[in-house]
Amino acid sequence: MATQPVIPAAAAPQVPASLDAWVNEVRALTAPARVHWCTGSDAEAAALTAELAGKGELLPLNAQTFPGSHLARSAPNDVARVEHLTFVCTQNEQDAGPNNHWMAPAAAHQKMTELFRGAMRGRTLYVVPYCMGPIDSPYARCGVEITDSAYVVLNMRIMTRMGSQALERIARDGTFVRGLHSTGDLNPERRFIMHFPEELAIMSFGSGYGGNALLGKKCHALRIASWQARKEGWLAEHMLLVALDSPEGKTFYVAAAFPSACGKTNLAMLIPPAALPGWRVRTIGDDIAWLHPGPDGRLYAINPESGYFGVAPGTSPKSNKNAYDMIRHDTIFTNVALNASNEPWWDGAGGGPPVTDWQGRPYLAANGPAAHPNSRFTVSARQNPSYAHEADAPAGVPISAIIFGGRRRSLAPLVYEARDWSHGVLVGSGVASETTAAAAGQVGVLRRDPMAMKPFAGYNFGDYWRHWLSVGARLKHPPRIFHVNWFRQDADGKFLWPGFGENLRVLKWILGRVSGGLGARETPIGFMPAAADLDSTGLAITPGALEELLSVDATAWRGELASLGRDFEQYGERLPAGLKTELEQALARLA
Ligand code: SAT
Ligand code: MN
């Protein structure tokens, strides 16, 4: 008979009365068999892992080559975020804006209450206190997720500062974001991810996957936090954060926003090419940045997360050696394939060929890809060989440059620089990208994704851009704003730019602009390097390709800005006048 693993009893926590009352309320509604307060300890994680392994919900991987690592398989209909089932529930529909699905809070509460009623019968209710950001940072914010999924607990333990320390901080702060989650019966008809920014609350039902279920991530650290940030005068953004050390011994901090699955994790962990000796890129964060105007007039950033939920397919020694090495131990894989040596497999993983696909079936090419295109790894940031110690700095790091980017086969050049902060807000609002597997739906369709926040802004984009303009106005030394596109293709559909480590050449130009040493030519869309301004030492690229990458097609850009103007119309009165003026001026420059 299998022995039932015992979860060690938690030391009695100092539970704030408001939290205790909420847990009791949820317990009465959901009727769990037991309640477990998570401490975040190693022993607790080991017990939960053993429990899930015993039930076959976590499969231990090859203990020699992937020690401490497991594979989880989600339900085949539960493999990505579901934007059409994600709602922002504000009293006034206009506050959620046309960029969000909206439901009246009372109706949403009623719907969710019915779904949650009795939903945890026979299950354990886990109380997961967590802190987004360094535990002692004034910029950090806490939350509590109640979930009936031990997989969620294990992931939250990696992705956030979870457990007793967070609970202590919650007791000190007196406030926290309430996230209620149940996997329910995983029926997509009964799946909803609801946000109540006015109540600092989240309710998620019917999914066990990523951004739908790990409520600290997109739900809290972006949708709810963007709302809090607007009230409190800061920004919660879908941005990676890196420290760049130059050969001259200077360190710069850069934040960059790209839509999901556009290479943020790769850029955050970039390994410099041999042709650029002396450079180092260190990772502060790979997905989310909270940006605060500092007392010295600069913009300071923290990464609210403590782990990565990265896309596995394509992670290879060539694309991202740091990530490849980082996920060889103590990693949770979700929806990857397996090879004959019981090692995780995806395109780029190396090792033997796949024998079991992501659904656990014998691998057959006719069944589609062996690993799901949105299969993921969850891993502690501390396992990253390029981990930046600044990720733990309570005051954050001062940002020199903000980079926007998208996946675009045409139009957007390799890099250009906005004229100033307000023009940069226009550039960010115009971000567009071809869709990827990170969200359910068709892949490869061009979609406007302002600031890469389309699925994540917790309020009306018109108000959001107004807030961006006002934050810039408060900064004496605002970061410079840039736009990049690694994904330009030639007429035959071949990528024009090699990407990966070579992207450092573009970052080098950006930092040259920031510190004032490097040239640029003024173009109708902003400042751009001349071919000679980009360090192309040892780079295998034809002059023709470089020219195409750095060209501006004024006619196409006029069409682009006209289409952006049409997109703006849906925001009506909420669109700030300052942004309209920026658009008019940008069009005039292209005339
Ligand atoms: O599923 S997540 O939202 O966590 C991942 C992503 O889309 O970036
Ligand atoms: Mn993301």
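A few notes on this one:
- Spin-label pair residue 539/residue 84, simplified geometry with 7 Å Cα→Cβ offset, distance in nm: 4.2
- Cα convex hull of the range 44-117, projected area averaged across orientations, nm²: 8.3
- Under 12 Å, Cβ to Cβ, from residue 460 - net charge with Lys/Arg +1 and Asp/Glu -1: -1
- Beta bridges from DSSP with both residues in the range 1-150: antiparallel share about 60 percent, rounded to the nearest 5.
- Extension gain for the segment residue 231 to residue 325, taken as residue separation times 0.36 nm less the Cα-Cα distance, is 29.8 nm to one decimal.
- Calculated FRET efficiency, residue 104 to residue 563, Cβ-Cβ distance, R0 = 30 Å: about 0.40 to the nearest 0.05.
- On a per residue basis, the range 422-532 carries 35 Å² of accessible surface, using protein heavy atoms and a 1.4 Å probe.
- Pairs of alpha carbons in the range 293-420 whose separation is greater than 22 Å (percent): 54
- Per residue, the range 90-184 exposes an accessible area of 35 Å² to a 1.4 Å probe, with every protein chain left in place.
- Among 540-552, 235-247, the order from most to least packed when residues are scored by Cβ within 10 Å on average: 235-247, 540-552
- Diffusion constant of the chain at 10 °C, which comes from Stokes-Einstein with the Kirkwood Cα-pair radius and 1.306 mPa s, µm²/s: 65
- Protection proxy ranking, peptides 212-219, 431-438, average beta carbon neighbours within 10 Å, highest first: 212-219, 431-438
- Contact order, relative form, for the chain: 14 percent (alpha carbon pairs under 8 Å, 6 or more residues apart, mean separation divided by residue count).
- Computed FRET value (nearest 0.05) for residue 588 with residue 551, which takes r as the C-beta separation and R₀ as 22 Å: 0.60
- Available extension along the chain between residue 34 and residue 251 is 73.1 nm, counting 0.36 nm per residue and deducting the alpha carbon span.
- Overall, the accessible surface of the range 461-552 at a probe of 1.4 angstrom is composed of carbon and sulfur to the extent of 53 percent.
- Rh (Kirkwood; distinct C-alpha pairs) - the range 96-241, Å: 15.6
- Compactness index (Cα Rg / 2.2 N^0.38 Å), the range 411-516: 1.21
- Within-12-Å neighbourhood charge of residue 567 [Cβ basis; K, R +1; D, E -1]: +1
- Considering only beta bridges that DSSP places wholly inside the chain, some 65 percent are antiparallel.
- Between the beta carbons of residue 489 and residue 361, assuming R0 = 45 Å, the FRET efficiency works out to 0.85 to the nearest 0.05.
- Computed over the range 106-172, the quotient of the alpha carbon radius of gyration and 2.2 N^0.38 Å is 1.31.
The values are calculated or read from the model by the stated rules, or taken from the named source; none is laboratory data. No experiment lies behind these values; they were computed from the predicted model shown. For neighbour counting, all protein chains shown are included, and Cβ atoms are generated from backbone atoms with ideal geometry for every residue, glycine included. Areas reflect the complete protein model, heavy atoms only, side chains present, ligands, DNA and RNA absent. Shrake-Rupley method; radii C 1.70, N 1.55, O 1.52, S 1.80 Å.
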